[in-house]
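Remarks on the structure that follows.
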């Protein structure tokens, strides 16, 4: 059996097992709470497994391997920012969000700022999640065509079916349980890959000795401003991530489980980042400086590892992509059911009806993302930027609203619009002064939040009840 055929068999067998496990939980999905939040019954082991698998996604395993290869220690500033985002969500939001027993981030913003905040934030999240699903389809197709004998269109179909089926039938319970299984695959695969790579070169000593001078000197590649930009972008994206963070908090059995799982995500993420960094460093030492960063992971798997181990590591990447994308589809579908359909239909929608609306949204978003990936693969940069707009628009309103009693409804809604709009404008202008859109967007949002809160109607007692939870 050739290497491509071996990889194909391993990957397809793995996907069949994961899909079967996810579909098994269809019997436990009745109303929208079962579909969106696993009935709010997730215990600590499943919850931390789901958080870890979703957080260490395909972009981390593949993209960050190349980034560590290229930037050495400086890419750790992104990791620091991401960990800071997790810590912020843990300390400020975890217990409070679970006690409020809502479904989505727009639910939280609606409680604090009123219905307009719900609609604007839901639209941003839906657009951002669809954007990332599109990118993930392109990513999984690229990986499957690179490593296996599967052609591009078939790879895209395999990807979108894998993404949609678990979310459609198993809901959050199916997603969470398959995530937990995949967390084991991800971490064991990364650890085995690092051990094999370093072992083949005689251990850590020869590998680190082969790295260039200054490779571990902070700011040597990114510079001070670049390091700040990396950290801030990662913090902003992580701290407001409904699909990866808040949907799990809402699904926890209680607030203590939510807090502990979030706290345990920090060491789990550090371990995952450490393994990915070592793959990047090992790749730089062995492959030299001339590999395109996006190709580093592929070359490590195909050139430096045994085919069987390479197949396992490839399954690791597929696992990471599937877990992340399942979460995105489920997140966006719940926004449609809870934040749009339930609010706008002229009658009271029942829980089963909302679950069906969410499932229909999964299918619709999967088809839309698949179409975008097939017809317009060259818009990936713009697609990814949609997620930046979402993060830039929601970070200040969410945390200011839950930390500062003086934040007013008018200021909250205006900050969402100004933050997202500033990020878009900064992107169109070509990022003046070398600043990424997140920096001016957060600055503008903070100014609007404080300024309007001083001159507009104060929040009601009902809107301030979030401080009493």
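The values are calculated or read from the model by the stated rules, or taken from the named source; none is laboratory data. All values derive from a computational prediction rather than experimental measurement. Cβ atoms come from the backbone with ideal geometry, glycine included; neighbour counts cover every protein chain shown.
Where helices (runs of 4 or more DSSP H) sit wholly within segment 190-275, those with at least 2 residues that are under 24 Å from the mean Cα position of the chain (by Cα) and either crowded, with 22+ Cβ neighbours inside 10 Å or at pLDDT below 90 (or both) occupy 223-239, 247-251. Among the residues of this structure, residue 129 counts as one that is surrounded by 23 or more Cβ atoms within 10 Å (Cβ to Cβ) and either under 30 Å from residue 343 (Cβ atoms) or at pLDDT below 95 (or both).
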